[in-house]
Amino acid sequence: MFQEKVVFFWVLLANWVLVIGIKLESVFIPQYAVKDATVTLRCDFDVESDKLMSLKWYKDDHEFFRYSMHHGIRMQTFSVEGVIVDTAQSTLNSVILKNVTLKTSGTYKCEVSADVPSFRTLSKQGDIIVIAPPKSNPRIVGFHSVVSLGDTLRGNCTCDRSRPAASLMFYINDEKADFGDLIEYLPISEQDGLETSVLGLRFQVEPKHFRSGNLELKCTATIGNGYWVTNMMVSQASFNAQPSFPGHNRLLAGSGSGHKAGDVGTWGTSLLATVIITLLGYF
């Protein structure tokens, strides 16, 4: 009977500790970070009736930051590959990582430990993926500058040196190109860990491709997802109809347009390069 009372007492004590002990209220670990930028990690907790013993941060289970209440030096940092703590800006609840590199990617964990009476330890973790946006503009290359009905247009869209490799898509007059007209290539790996993306396009020019005498190409490059996205509209190439020139019938050859031999014309080309880069939130 006495033993049962002792067990019951310890069960009540454990439940009491769980109810009123330290609580991990929120941990903020951004899913995406930008190369060469900074990252803010937050760990908010409530000790309630407990006393805080320490707060620690880990990357891939390797400790790189400690805030201890039992030592003369409250804040300590430890060497971990890819992690540089800005000690001047970091606090108990907020840790700033500076000079982010591709090696900063990994699994991060905040761990808080209570002192007497509970000695309770709580933790929460999350992954960070470092994004390296391209420093040069994606571009459309290889397409002929003069086109006729029945011609085959072929060329590539290239997005240089990013991480991860950009996801590319071609549009013809603001409509996605048919999947069968796309030529997919494996990303090209660079020596520094970055990747270059290339997407090919090959299609036959038909009357439906022209709107008021224009055919427009657009290539978009997307890096990340809904949490962090870079969108680019690159090298929007417009093929504009021009007044006819006597004696030139390139457009009408094989076009089946029904014009007589004297009705001739040419196509001039203006190449417009417009780049729009939109960053939707780093965190």
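Residue count for the stretch 133-152 under the criterion of being within 15 Å of LEU199 (Cβ to Cβ) and in a strand (DSSP E or B): the result is 3.
Look at (1) within 23 Å of the chain's Cα centre (by Cα); (2) in the same structural domain as VAL100 (by TED's automatic domain parsing) and you find that SER197 fails only one, number (2). Taking the numbered list (1) in contact with a strand residue (DSSP E or B) (Cβ under 9 Å, 6 or more places away or on another chain); (2) at pLDDT 90 or above in turn, HIS144 passes all entries but (2). Residue-level check: of (1) touching a Phe, Trp or Tyr at 6+ places or on another chain (Cβ under 8 Å); (2) modelled with pLDDT under 90; (3) not aromatic (Phe, Trp, Tyr), ASP50 misses just (1). All of VAL95, VAL80, VAL116, VAL130 fail the test of being in contact with a Leu (Cβ under 6 Å, 6 or more places away or on another chain), more than 30 Å from LEU199 (Cβ to Cβ) and among the β-branched types (Val, Ile, Thr), apart from VAL95. May I ask you to list the residues in the stretch 175-198 that are of a type outside the set (D, E, K, R) and over 19 Å from ARG154 (Cα atoms)? Once the filter is applied, which keeps residues that are of a type outside the set (D, E, K, R) and over 19 Å from ARG154 (Cα atoms), the stretch 175-198 yields PRO187, ILE188, SER189, GLN191, GLY193, LEU194, THR196. Checked against the criterion of being at pLDDT below 90, among the polar types (S, T, N, Q), part of a strand (DSSP E or B) and under 28 Å from LYS35 (Cβ atoms), the candidates THR230, THR196, THR158 yield just one match: THR230. In this structure, is SER118 in the same structural domain as LYS35 (by TED's automatic domain parsing), surrounded by 15 or more Cβ atoms within 10 Å (Cβ to Cβ) and within 27 Å of the chain's Cα centre (by Cα)? No: the conditions fail for SER118. Could you check the stretch 121-139 and list, in sequence order, the residues that are surrounded by 14 or more Cβ atoms within 10 Å (Cβ to Cβ) and under 20 Å from PRO164 (Cα atoms)? Scanning the stretch 121-139 gives GLY126, ILE128, ILE129, VAL130, ILE131, ALA132, PRO133, PRO134, ASN137, PRO138, ARG139.
The values are calculated or read from the model by the stated rules, or taken from the named source; none is laboratory data. On a predicted model such as this, the values are computed, not experimentally measured, just so you know. As a convention, Cβ positions derive from the backbone with ideal geometry for all residues, glycine included, and neighbour counts pool all protein chains shown.
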